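Working notes, structure below.
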Amino acid sequence: MVDALTPKLSPGNLRDVTPHDRLISLLAERSVRRGTFTLASGKQSSVYVDARLTTMSPEGLATIGPLALERIRAAGLDPDAVGGLTLGADPVAYAIAYASALAGSPLRAFTVRKEAKIHGTGKLIEGPFTPGDRVVIIEDVITTGGSALRAIDAVRAAGGIIIGVLAVVDREEGGQEALAAAGVPIVALATASEVLSLVP
């Protein structure tokens, strides 16, 4: 039985397309919802991109890890670690770390909590992050850039060096410009316009 989250492309077809095209197809099939939504930025939108329906799927993880790693390297970024604000960044960062290990150039992944723990170590950043790390901040969907900037502030406060941001989807609503104004380059694996071009 085929469920609602199964892409229309067959596995054979998926092997014939580029990783970028595969990602666009997966996002269009699984992650786009139409209606009336309030985004994390507070903006109202008639389109919601729930990237987690793609980034947490087996096909999404297998596609995003190698593609994101290649894009990071192609942009001339050389991080020690990748991570961002939980929950959206988590599967993407873990997929990149896994792909980097397979490629023989391992990167560490970490998670930035929305609030520091009130017990135990009281950490805001979880995982094998080390002060002095060169970091690429991860976002699943970037709109205004607010979540990325929040993660950037947390990592800098912990002694990390921000060298860039990688987003799975850029909604093309000012986030890239906000990060550029803050002196942080951004790499986007897909744009909202690319994804929506495949949505009826």
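Every number in this text was worked out from the coordinates using simple rules, so none of it is lab data. Computed from a prediction, not measured in an experiment: that's the story for all the values here. Cβ sites come from the backbone with ideal geometry, for glycine too, and all protein chains shown count toward neighbours.
Observations
- Dipole orientation for the chain: of the candidates ILE125, ALA93, THR191, ILE125 has the Cα lying most toward the positive pole (charges on Cβ; Lys, Arg +1; Asp, Glu -1).
- The packing ranking of peptides 50-63, 32-45, highest mean first, is 50-63, 32-45, where packing means the average number of other beta carbon atoms within 10 angstrom of each residue.
- Test item: Cα-centred dipole of the chain, Lys/Arg +1 and Asp/Glu -1 on Cβ, debye: 340 debye
- Between the alpha-carbon centres of region 149-171 and region 52-99 there is a gap of 14 Å.
- Mean sequence separation of contacting Cα pairs (under 8 Å, at least six apart), scaled by the length of the chain, corresponds to a relative contact order of 18 percent.
- Modelled spin-label separation between HIS20 and ALA40, with each label point placed 7 Å from Cα along the Cα-to-Cβ direction: 2.5 nm.
- Modelled FRET efficiency - R0 35 Å, GLU172 with LYS114, Cβ distances, 0.05 increments: 0.90
- The helix-based estimate of mean residue ellipticity at 222 nm for the chain, built from -39,500 (n - 2.57) per DSSP H run of four or more residues and divided by its residue count, is -11000 deg cm²/dmol to the nearest 500.
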